Amino acid sequence: MADQKATNITWHGGHIGRPEREAALGQRGATIWLTGLSGSGKSTIAVAVEAELVKRGKLAYVLDGDNVRHGLNKNLGFSPADRTENIRRIAEVAKLFTDCGVLAFTSFISPYRADRAAARALFAPGDFVEVYVAADVATCEGRDPKGLYQQARAGKIPEFTGISAPYEEPEAPELVLDTSKQSVEESVNALVAYLEGKGYLSAQGRR
Ligand code: ADX
């Protein structure tokens, strides 16, 4: 895929900016990037945090791997190149949500460090929060909510993360949620507390 095909295009700004949208919403926009193995709990935590924040009157939205692969990214598979493109598109979408003032939670395995670094590089400091949903392969395989580990072990799913494709652990995530040791509720509380503590739940929050 060519890097840049569009030419003769000019960025067009609106009449109001992100600060006005954030003031209207009473929060800071941000992308909270959950990464971890399939079955680690990313989506479970993301939808629970989304519900908690919306209950508190905040606008939060989850972009989920399986869901986005039904639409925007349905032409992508699980080769390294397709995963890179998957993450690139999601990061661009999440950046738009962030500019809207939304708290956008992305729930993708995003197994490659370089892809996550490229995603982070699109954002201003503080707009991108990397959350490592840490659970080892044995734990995730024990849960196997979709039966995919079993199929991967049987050789029916090629390039399955953790079995026949790599997962590169984050080196400096903003937050680690160890779901092999803590309950969903504890992880959800820790993430909400992090966002509150860093000022994301207020339009005047720290930058
Ligand atoms: S990513 O690696 O490109 O970030 P993504 O999060 O979008 O992956 O999709 C992962 C989901 O796709 C898994 O939770 C699982 O349901 C499904 N899946 C299907 N095939 C694979 C595979 N080969 N490796 C990992 N996940 C897969």
Distance histogram for segment 9-71 (every C-alpha pair counted, 10 angstrom bins, percent rounded to whole numbers): 17, 37, 30, 15, 1
Glu92: accessible area at probe 1.4 Å, nearest 10 Å²? 70
So how long is each side of segment 48-207 along the principal axes, counting just the alpha-carbon atoms, biggest first, in Å? 52, 33, 28
Tell me the carbon and sulfur percent of the accessible area for the chain, rounded to whole percent, probe radius 1.4 Å. 55
With a Förster radius of 22 Å, plug the Cβ-Cβ distance of Thr84 and His12 into 1/(1 + (r/R0)^6) and report the FRET value to the nearest 0.05. 0.15
Please identify every one of the chymotrypsin sites (Phe, Trp or Tyr not before Pro) in segment 134-207 that sits in a loop by DSSP and has no more than 15 other beta carbons within 10 Å of its own beta carbon. none
What are the semi-axes of the equivalent ellipsoid of segment 152-207, taken as the square roots of 5 times the eigenvalues of the Cα gyration tensor, listed largest first and rounded to whole Å? 34, 14, 10
Leaving out ligands, DNA and RNA but keeping every protein chain, what accessible area does Asp99 have, in Å² rounded to the nearest 10, with a 1.4 Å probe? 70
List the trypsin sites (Lys or Arg not before Pro) within segment 2-62 that DSSP assigns to loop and that have no more than 14 neighbouring Cβ atoms inside 10 Å. Lys5, Arg56
Rounded to the nearest Å, what's the spacing between the alpha carbon centres of segment 22-92 and segment 114-174? Just the number, please. 13
Reciprocal mean inverse distance between Cα atoms of segment 38-95 - Kirkwood radius, Å: 12.6
If I fit a long axis through the Cα atoms of helix 80-100 and take the longest principal axis of the Cα atoms of the chain, what angle between them do I get, 0 to 90°, rounded to 10? 30
Probe 1.4 Å, heavy atoms of protein chains only: per residue, the accessible area of segment 59-207 in Å² is 50
Which value results when the Cα radius of gyration for segment 1-110 is divided by 2.2 N^0.38 Å? 1.19
Give the dimensionless ratio obtained when the Cα radius of gyration of segment 105-152 is divided by 2.2 N^0.38 Å. 1.46
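The values are calculated or read from the model by the stated rules, or taken from the named source; none is laboratory data. Here the structure is a predicted model, which is why all the values come from computation and not from measurement. Backbone-built Cβ (ideal geometry, glycine too); neighbour counts: all protein chains shown. Each accessible area value is taken on the protein alone, full model and side chains, heavy atoms only, with ligands, DNA and RNA left out. Shrake-Rupley method; radii C 1.70, N 1.55, O 1.52, S 1.80 Å.
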